[in-house]
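Participant: This structure is in structure tokens; I'll ask about it shortly.
The values are calculated or read from the model by the stated rules, or taken from the named source; none is laboratory data. Just so we're clear, the structure is a prediction, and the values are computed from it rather than from any experiment. Reconstructed Cβ throughout: ideal geometry from the backbone, glycine too, with neighbour counts over all protein chains shown.
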């Protein structure tokens, strides 16, 4: 009986440790977060798609989605899905609580078709910052 209680106590301690790690210490990879937001858009879950954005940019994306409901997202450049829903991540650059993803739309093969999306960490979760989106590649100021 003592062995059973010791094993049970040990399993409870290990389970509590795993739960605490995922609850308080684990931060999901920024690329995986972006792909999850993309997947929710592809599946038609608008609420989960909007939850992937910062609190400041969520109303803008929601308004754009309502305005462009009659347009095909694959053809209309004003639809939020046109640029933001792609699974082609070319490069990920993480710097503290900020990350830049270099993306390409499906089928874009030409040089210079990549563009950058900024993600920020809020409350230990990565969120897409649509306010800094330009539809172009991120320009880093360099002295030449």
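Participant: If you check residue 85 against the conditions, is it surrounded by 19 or more Cβ atoms within 10 Å (Cβ to Cβ), modelled with pLDDT of 75 or more and touching a strand residue (DSSP E or B) at 6+ places or on another chain (Cβ under 8 Å)?
Facilitator: On the way: surrounded by 19 or more Cβ atoms within 10 Å (Cβ to Cβ): yes; modelled with pLDDT of 75 or more: yes; touching a strand residue (DSSP E or B) at 6+ places or on another chain (Cβ under 8 Å): no.
In short, no.
Participant: Looking at residue 67, is it at pLDDT below 80, farther than 21 Å from residue 137 by Cβ and surrounded by 12 or more Cβ atoms within 10 Å (Cβ to Cβ)?
Facilitator: Values: at pLDDT below 80: yes; farther than 21 Å from residue 137 by Cβ: yes; surrounded by 12 or more Cβ atoms within 10 Å (Cβ to Cβ): yes.
It is true that residue 67 is at pLDDT below 80, farther than 21 Å from residue 137 by Cβ and surrounded by 12 or more Cβ atoms within 10 Å (Cβ to Cβ).
Participant: Among the residues of the stretch 116-126, what is the count of those that are part of a strand (DSSP E or B), over 18 Å from residue 40 (Cα atoms) and at pLDDT below 90? Lay out the reasoning, then the answer.
Facilitator: Taking the stretch 116-126 as the starting set, the residues that turn out to be part of a strand (DSSP E or B) are 116-122, 125-126.
If we keep only those that are over 18 Å from residue 40 (Cα atoms) as well, we get 116, 118, 120-122.
With the extra rule that they be at pLDDT below 90, the set shrinks to 116, 122.
The total comes to 2.
Participant: Another question, then. Please work out if residue 113 is exposed (fewer than 14 other Cβ atoms within 10 Å of the Cβ) and modelled with pLDDT under 85.
Facilitator: Values: exposed (fewer than 14 other Cβ atoms within 10 Å of the Cβ): yes; modelled with pLDDT under 85: yes.
Against the criterion (exposed (fewer than 14 other Cβ atoms within 10 Å of the Cβ) and modelled with pLDDT under 85), residue 113 qualifies.
Participant: With (1) more than 17 Å from the chain's Cα centre (by Cα); (2) assigned to a loop (DSSP other than H, G, I, E, B) as the list, and residue 55 as the residue in question, which single condition is left unmet?
Facilitator: Here residue 55 clears every test but (1).
Participant: Further question: Only one of (1) without any contact (Cβ under 8 Å) to a residue 40 or more places away in the chain; (2) closer than 24 Å to residue 90 by Cβ fails for residue 30. Which number is that?
Facilitator: With respect to (1) without any contact (Cβ under 8 Å) to a residue 40 or more places away in the chain; (2) closer than 24 Å to residue 90 by Cβ, residue 30 is out only on (1).
Participant: Just for the stretch 20-50: of the residues that are in a helix (DSSP H, G or I) and at pLDDT below 85, which one is nearest to the chain's Cα centre (by Cα)?
Facilitator: Residues of the stretch 20-50 that are in a helix (DSSP H, G or I), as a first pass: 20-25, 30-42, 46-50.
Next, only the ones that are at pLDDT below 85 stay: 20-25, 41-42.
Numbers: 20: 23, 21: 21, 22: 18, 23: 19, 24: 20, 25: 19, 41: 11, 42: 14 Å.
Taking the candidates together, the pick is 41.
Participant: With the requirement that a residue be assigned to a loop (DSSP other than H, G, I, E, B), surrounded by 11 or more Cβ atoms within 10 Å (Cβ to Cβ) and at pLDDT 80 or above, what does the stretch 88-105 give you?
Facilitator: Filtering the stretch 88-105 down to residues assigned to a loop (DSSP other than H, G, I, E, B) leaves 96-97, 105.
Within this subset, residues satisfying the condition of being surrounded by 11 or more Cβ atoms within 10 Å (Cβ to Cβ) are 97, 105.
Correct list: 97 only.
Participant: Scan 108, 129 and give me the residue that is at pLDDT below 85, closer than 24 Å to residue 43 by Cβ and in contact with a strand residue (DSSP E or B) (Cβ under 9 Å, 6 or more places away or on another chain).
Facilitator: Details: 129 fails: at pLDDT below 85.
Of 108, 129, the one residue that is at pLDDT below 85, closer than 24 Å to residue 43 by Cβ and in contact with a strand residue (DSSP E or B) (Cβ under 9 Å, 6 or more places away or on another chain) is 108.
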